[in-house]
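For reference, the structure is listed below as structure tokens.
What follows is calculated from the coordinates using simple rules that are stated; it is not laboratory data. Everything numeric here is computed off the predicted structure, so don't read it as measured data. Here the Cβ is made from the backbone with ideal geometry for all residues, glycine too, and neighbour counts use every protein chain on show.
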Amino acid sequence: MEEFGLKLKQIRESHNITLSDVNKKISIREIYLVLIEEGKFSELPHVYGKSFLKTYCQYLEIPLSDYLPIIEQLENDEKSKLKNNTIKATSKFDLGNQSKKINLSNIDKNNYLEKILAQFKFIENPKFINYFVLTLFFVIVLFFLFPFEDEKSLTNQDESLEAMAPDTMFLAEEEKGLFSYFQGSDSLILEAYSIDTCWLKLNIDGKIYKEVLAVPKMKMRWSAKDYFIITQGNVGAIQFIRDGKNLEPFGARGSVVKNVKITKSEVIY
């Protein structure tokens, strides 16, 4: 990987292009560009690392066949690391609960059954029955007041999710799914690809207000005449793209940001 990073650096320098020039063209911070050219791909941000590498290679017109094996290796390393962490967590859970197992062979089964049944005697209490009936009534009322999404909307959303591969960081140019509230030739286009679960509030030109609960692999597209204002939970869970160019995360990963204004030329925190 170090040799590949050095190759990228040599190609850039042979064209008299500085890291600052690259940053202005593809909106990737110089610190990340240095990591790429040093071959330290595993130190790139977990969410955007493969996307940064892909964008930089495309900018330098590197053939896909040259950098695709590296991206695949990064994906395999991530899967292997996740698998190891899962195994460790599972082993720890099993050990932690080992001491809680009950040896039923040493228990009088009849007495044990009587003790269990005694725990449910409260069901015979008239007050409990009244509370249960009232709770059931309120649940039924809420069900009719706030119905679930219709089947057609859910189907459209599922089809939109299936169309996006899990590791895809770039959105299609046209999207007519559930969250495409505007269509037409407005001056500002904002696209988003959800990598993790995240809630989102969107103000479009001060006229349209939307709330979205984004799930992994969801892709969204909006258009505006002048600006967007975004409030987002779990920063880093969504990759935003303004007019075809990736935007940097709005803050520290996992944090909550409020009232981030996106115009044609600025991102104002």
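Some points to look at:
- Candidate set: region 40-53, residues that are in a helix (DSSP H, G or I) and free of Cβ contacts under 8 Å to residues at least 24 places away in the same chain; chosen: the one surrounded by the fewest Cβ atoms within 10 Å (Cβ to Cβ): GLU43
- Complete set of residues in region 1-39 that are outside any helix (DSSP H, G or I), touching a strand residue (DSSP E or B) at 6+ places or on another chain (Cβ under 8 Å) and not polar (S, T, N, Q): ILE28
- Residues of region 248-268 satisfying the condition of being aliphatic (A, V, I, L, M) and surrounded by fewer than 18 Cβ atoms within 10 Å (Cβ to Cβ): ALA252, VAL256, VAL257, VAL267, ILE268
- Failed item, numbered, when SER255 is tested on (1) assigned to a loop (DSSP other than H, G, I, E, B); (2) touching a strand residue (DSSP E or B) at 6+ places or on another chain (Cβ under 6 Å); (3) hydroxyl-bearing (Ser, Thr, Tyr): (2)
- Count of residues meeting criterion [under 19 Å from LYS245 (Cα atoms), in contact with a Pro (Cβ under 8 Å, 6 or more places away or on another chain) and not in a strand (DSSP E or B)] in region 185-216: 1
- Residues of region 1-26 that are touching a residue at least 40 places away in the same chain (Cβ under 8 Å) and in contact with a helix residue (DSSP H, G or I) (Cβ under 9 Å, 6 or more places away or on another chain): MET1, PHE4, LEU8, ARG12, ILE26.
- Within region 251-269, the set of residues being closer than 18 Å to ILE204 by Cα and not hydroxyl-bearing (Ser, Thr, Tyr) comprises VAL257, LYS258, ASN259, VAL260, LYS261, ILE262, LYS264, GLU266, VAL267, ILE268.
- Matching residues, region 223-252, being touching a residue at least 24 places away in the same chain (Cβ under 8 Å) and not in a strand (DSSP E or B): LYS225, ASP226, TYR227, GLY233, ASN234, GLY236, ALA237, ASP243, GLY244, LEU247, GLU248, PRO249
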